[in-house]
Amino acid sequence: MKKYVPIAVFSAVFFGALLLAMQNSFEMDILLWLQNHRTQWLTIVMRIFTSAGDFGAVWILAGAALTVSKRYRRQGFVMLLTLGVCFLLSEGFLKNIICRPRPFRVQPELDIIIPPPVGMFSFPSGHSSAAFAGALSLSYTDRRFSVMAFSVAVLVAVSRIYFGVHYPTDIIAGAAVGLCCAYVIWKVFPIKNE
């Protein structure tokens with residue numbers, strides 16, 4: 001029973017975010033406030049992190065790098081599997097079921113200042129789901145990777161709000177999806193660190 005607690009928590013966070021997303025007036029206020037308080041240096045930093053998260057690139061590269069290492073090869077393959085499952089769940093299934101339009105499509109005065117994302121829908125955030133699936137996978141691989149991996153994941157997720165391509169609840173739900181995918185996959189394919 002204890003092993004199901006994390007799944008229950010991730011599910012509660014996801015569905016809580018979904019319920020909040022239905023009442024999104026406060027979220028648009030947050031996005032507009034951020035737009036009015038952007039700075040040049042912060043925009044540069046956020047652009048780096050949002051670009052690193054495009055298509056899960058930084059996490060796929062990390063997983064591929066692990067597969068090259070004899071010590072972490074199996075962990076690398078499990079991480080890549082986790083990212084694939086997470087992509088299918090968030091981008092292929094959930095976004096197309098929930099169909100929440102991106103904030104800049106709803107609020108024309110929201111200036112996104114980056115190229116518009118390919119997909120029409122925003123809930124859950126694919127960048128956030130990949131980021132947190134990747135971060136937890138790296139944490140399972142070696143605890144020493146945890147702080148760096150989760151710091152990058154948080155910055156990738158926050159960058160999506162900063163640029164107005166996601167609502168805050170999109171990234172919360174994305175994080176829950178990513179953490180849940182990683183937790184389940186790593187329980188199905190447990191790897192003992194040597």
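Overall shape of the range 38-194 was characterised from the C-alpha gyration tensor. The equivalent ellipsoid obtained from it has semi-axes of 28, 17, 11 Å, in decreasing order. Relative contact order for the range 61-119 using alpha-carbon pairs under 8 Å, separation at least 6, rounded to a whole percent? The normalised contact order for the range 61-119 reaches 18 percent.
Can you give the relative contact order of the chain as a percent, counting alpha carbon pairs under 8 Å and 6+ residues apart?
Dividing the mean separation by the residue count of the chain yields 32 percent.
Roughly how compact is the range 130-185, stated as its Cα Rg over 2.2 N^0.38 Å to two decimals? The range 130-185 yields a ratio of 1.11.
Would you compute, from DSSP H runs of 4+ residues alone, the mean residue ellipticity of the chain at 222 nm, taking -39500 (n - 2.57) per run and dividing by the full residue count, rounded to the nearest 500?
Working: 10 runs with 132 residues, N = 194.
Rounded to the nearest 500, it is -21500 deg cm²/dmol.
Taking the alpha-carbon centroid of each part, what is the distance from the range 129-194 to the range 74-124 in angstrom? Between the Cα centres of the range 129-194 and the range 74-124 lies a distance of 14 Å.
No lab work stands behind these numbers, since they all come straight from the coordinates. Computed from a predicted model, the values in this text were never measured in an experiment.
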